[in-house]
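Asker: Quick one: the structure is below, questions incoming.
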Amino acid sequence: MTVDQSEGEHTMRETKVLVLGATGNLGAYSALALKKAGFDVIAAGKRTSDNGFFNDYGIEYISVDITKKESFDCLLCKNIDIVADFAGELPSRCSFNPQALIRTITEATMNVLEFMRKSGAKKIIFPTTPYDLFQYHETGEPIDPDAPRSYPATGDHSIYAIAKNAAVDLIENYHNEYGISRFIFRFFTIYQYHPNAYHYADGLMRKMPYRDLIDRAKAGEPIAIYGDPTRVKEMVYIKDFTKAVVAAAKSNLDGGFYNIGSPTRVSLEEMIRGIVEVFSPENNRSVITYDSSKPDTLQSILDWSKTKKELNYEPEYTFIKMMRDFKKEMEEEPFAKLWNTGDYYKKMYEESK
């Protein structure tokens, strides 16, 4: 709760959170979780309309283009306390466009921070990329959230990491200059059901690997485990991620960098066997084989002890629990009003080939 002063009288009001990128994967779930936690939420996205989705949850939706600083003018009178900024381009959601990454991440973050300075908002929640610590990815050790940042010299995540690093540096400056607390979240893939099963990898559109595995399991097709089956990764479910967002919104700390990890790291073999357990028909289970000639998967391990200590972060979704909830949402399509359906994106992909 915050205190408003009007004509000498003090009144209590709900803390107001502006969720930018609210029509995207992380933003939509976070907006609903913050509302459920008791915050007064305004959802904002570039889309002119959310099709009435957020209104169904008692959340106001406003169209905001974060690349245009004047687009924030309509929010100056909204008494925003916290900004949860999940807007900006992703390498996996667009063909390679370096200028779009700089414009929608670095330059847009400057617009967000200036809006916060003018409006008096005192906290920002912002996702960075694990590729800012790419040099530690294959060490086999959990990565310190406060390790020195860098970026890959090449690849489709190079400029993305540069843009994110610059945005984080701007946030740090506004923390030092204006006392804005900052909660910078670092994570690998946040797993959730989205009807769009396709993304860009190295400039080409293709089905996401784990979504392809799910489809193969549903069809009872054979699945091969490539490389070393014991290599592990963090597999965070969206409903654990949003707990961290709510915890950051409630926190009285100045913030910092926080790694977001899963309750137990999941090996490649555990992942594939879990997918088969949840999605394969009982009478037509996918046969699992091994192919050690193929390259190993990335072994991504994050140290999230700081997140646990400072934000009381305790993820609860094991991989099997995650997949079962994923399957439920795949069947029910709870965000169809906002995102459309899986059949819609499948048709679009097939027509684009």
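The values are calculated or read from the model by the stated rules, or taken from the named source; none is laboratory data. It should be emphasised that the depicted structure is a prediction, and the values quoted were computed from it without experimental measurement. Here the Cβ is made from the backbone with ideal geometry for all residues, glycine too, and neighbour counts use every protein chain on show. When the accessible area is computed, the model is the full protein with side chains, heavy atoms only, and any ligands, DNA or RNA have been set aside. Shrake-Rupley method; radii C 1.70, N 1.55, O 1.52, S 1.80 Å.
Asker: Distances over 40 Å make up what percent of all Cα-Cα pairs in the chain?
Answerer: 12 percent
Asker: While we're looking at this one, here's another question. Compute the accessible area per residue over the chain, keeping the other protein chains in place, probe 1.4 Å, unit Å².
Answerer: The answer is 47 Å² per residue.
Asker: While we're here: For the stretch 210-353, what class follows from the C-alpha gyration tensor (a ≥ b ≥ c being the square roots of its eigenvalues): rounded when a/c is under 1.5, otherwise prolate if a/b is larger than b/c, else oblate?
Answerer: Oblate shape, in that a/c is at least 1.5 and b/c is the bigger or equal ratio.
Asker: Collect residues whose amide H, placed 1.01 Å from N in the peptide plane, falls under 5 Å from the amide H of PHE86; neighbours closer than 5 in sequence don't count.
Answerer: Excluding prolines and chain starts, which carry no amide H, the hits are LEU20, GLY21.
Asker: Hey, what do the phi angles of the stretch 321-331 turn into as Karplus ³J(HN,Hα) couplings, whole Hz, using 6.51/-1.76/1.60 and θ = phi - 60°, x for Gly and Pro?
Answerer: Here the 3J(HN,Hα) series is 4, 4, 5, 5, 5, 4, 4, 4, 6, 4, 7 Hz.
Asker: Note the angle between two axes, namely the Cα long axis of helix 209-218 and the longest principal axis of the Cα atoms of the chain, as a number of degrees from 0 to 90, rounded to the nearest 10.
Answerer: Helix 209-218 and the main axis of the chain meet at about 50 degrees.
Asker: Given a Förster radius of 30 Å and the C-beta distance between TYR290 and ALA100 as r, what FRET efficiency does 1/(1 + (r/R0)^6) yield to the nearest 0.05?
Answerer: Efficiency for this residue pair is about 0.15.
Asker: Each residue of the stretch 188-200 in turn: what ³J(HN,Hα) in whole Hz from Karplus with 6.51, -1.76, 1.60 and θ = phi - 60°, glycine and Pro shown as x?
Answerer: 8, 4, 9, 7, 6, 7, 10, x, 8, 8, 10, 8, 9
Asker: Also, I was wondering about something else. Taking Cα centroids, how far is the stretch 135-179 from the stretch 267-322 in Å?
Answerer: 26 Å
Asker: What shape does the stretch 150-288 have by the C-alpha gyration tensor, where a ≥ b ≥ c are the square roots of the eigenvalues, rounded means a/c under 1.5, and otherwise prolate means a/b greater than b/c and oblate the rest?
Answerer: prolate
Asker: Can you compute 3J(HN,Hα) from phi for each residue in the stretch 155-161, using the Karplus curve 6.51 cos²θ - 1.76 cosθ + 1.60 with θ = phi - 60°, rounded to whole Hz and x for Gly and Pro?
Answerer: Result, ordered by residue: x, 6, 9, 5, 5, 4, 5 Hz.
Asker: Efficiency by 1/(1 + (r/R0)^6): what FRET value for THR189 and ALA166, r their Cβ-Cβ distance, R0 = 25 Å, to the nearest 0.05?
Answerer: 0.60
Asker: Okay, moving on. Determine the shape class of the stretch 42-115: with a ≥ b ≥ c the square roots of the Cα gyration tensor eigenvalues, call it rounded for a/c under 1.5, and otherwise prolate if a/b is greater than b/c, oblate otherwise.
Answerer: Taking the square roots of the gyration eigenvalues as a ≥ b ≥ c, the stretch 42-115 is oblate.
Asker: Let me ask something additional. Give the peptides 311-323, 137-149 in descending order of average Cβ contacts within 10 Å, highest first.
Answerer: Ranked from most to least packed, the peptides come out as 311-323, 137-149.
Asker: Further question: Sticking with the crude label model, points 7 Å out along Cα→Cβ, report the distance from LYS78 to ARG324 in nm, one decimal please.
Answerer: Reported label-point gap for LYS78 and ARG324 is 3.8 nm.
Asker: May I pose another question? Using just the helices of the chain, give the 222 nm mean residue ellipticity in deg cm²/dmol: DSSP H runs with n ≥ 4 each add -39,500 (n - 2.57), and the total is spread over all residues, rounded to 500.
Answerer: One gets -10500 deg cm²/dmol as the mean residue ellipticity at 222 nm.
Asker: Give me the distance in nm between label points sitting 7 Å out from Cα along the Cα-to-Cβ direction at LYS337 and TYR349, one decimal.
Answerer: 2.7 nm
Asker: Considering the options PRO91, SER63, GLY27, tell which one lies farthest towards the positive end of the dipole of the stretch 25-108, charges being +1 on Lys and Arg and -1 on Asp and Glu at the Cβ, about the Cα centre.
Answerer: With unit charges placed on the Cβ atoms, the residue in question is PRO91.
Asker: How tilted is helix 268-279 with respect to the longest principal axis of the chain? Cα atoms for both, answer in degrees (0 to 90, nearest 10).
Answerer: Taking Cα atoms only, the helix is inclined about 90 degrees.
Asker: Starting with the highest mean, order 245-251, 176-182, 210-216 by the number of other Cβ atoms within 10 Å, averaged over the residues of each peptide.
Answerer: Going by the mean number of other Cβ atoms within 10 Å, highest first, we get 245-251, 210-216, 176-182.
Asker: In degrees from 0 to 90, rounded to the nearest 10, what is the angle of the helix 342-352 Cα long axis to the longest principal axis of the chain?
Answerer: 70 degrees
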